[in-house]
Amino acid sequence: MSYDNTNIFARILRGEIPNNTVYEDAHVLAFKDIRPQAKVHVLVIPKGAYVSAQDFGARASEAEIAAMARAISKITQELGIAESGYRLIANTGGHGHQEVPHYHVHILGGQPIGKMVHLP
Ligand code: 5GP
């Protein structure tokens with residue numbers, strides 16, 4: 001799947017759409033989800049053009065891959081949920097119900113998140 005430059009997160013990265021930024025570095029941007037599904041719901045995205053977790057894992061540099069993991073640890077610490085716990089979700093492709101075709105990791109926390117999966 002080729003990267004679609006018009007996706008909503010590409011537009012956020014270009015500054016065309018506002019966002020509620022919680023963290024930024026050379027490789028990563030993190031912002032609040034517009035439709036939060038928990039008290040804390042943050043999206044962490046690479047600044048590079050990657051469609052999905054599949055694409056990111058295949059093509060991203062070591063520095064970009066490390067930056068995502070480091071950013072998640074920093075963000076959860078800053079948001080005060082590192083100790084209480086949280087869930088990371090990277091919906092991927094059709095069966096993963098990915099809606100925005102730019103790789104992103106959801107951080108959900110601030111309250112108990114419940115069971116891992118509800119199948120349709
Ligand atoms: P997905 O289903 O692709 O894993 O999740 C996409 C997420 O992006 C959803 O949770 C949705 O609420 C969020 N989202 C969609 N459009 C926007 C937007 O314009 N701004 C922000 N902050 N989040 C968005």
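General observations
- Residue check, V42 over 22 Å from S2 (Cα atoms), within 11 Å of the ligand (Cβ to nearest atom) and in contact with a helix residue (DSSP H, G or I) (Cβ under 8 Å, 6 or more places away or on another chain): yes
- The residue that is farthest from P101 (Cα to Cα), counting only those in the stretch 40-52 that are in contact (Cβ under 8 Å) with a residue 40 or more places away in the chain and in contact with a strand residue (DSSP E or B) (Cβ under 9 Å, 6 or more places away or on another chain), is V40.
- Any chance V105 is within 20 Å of R14 (Cβ to Cβ) and modelled with pLDDT of 95 or more: no
- Within the stretch 13-39, restricting attention to residues that are touching a residue at least 24 places away in the same chain (Cβ under 8 Å) and within 12 Å of the ligand (Cβ to nearest atom), the residue that is surrounded by the fewest Cβ atoms within 10 Å (Cβ to Cβ) is Q37.
- Taken over the stretch 75-88, the criterion of being under 14 Å from A30 (Cβ atoms) and either surrounded by fewer than 16 Cβ atoms within 10 Å (Cβ to Cβ) or at pLDDT below 95 (or both) is satisfied by Q77, E78, L88.
- Subset of the stretch 80-95 that is in contact with a Ser or Thr (Cβ under 7 Å, 6 or more places away or on another chain) and of a type outside the set (G, A, S) - its residue that is nearest to G114 (Cα to Cα): Y86
- For I8, the criteria (1) closer than 20 Å to I113 by Cβ; (2) of a type in the set (V, I, T); (3) surrounded by fewer than 18 Cβ atoms within 10 Å (Cβ to Cβ) hold in every case but one, which is (1).
The values are calculated or read from the model by the stated rules, or taken from the named source; none is laboratory data. Bear in mind that the values here come from a model prediction, so they are computed numbers and not experimental data. Here the Cβ is made from the backbone with ideal geometry for all residues, glycine too, and neighbour counts use every protein chain on show.
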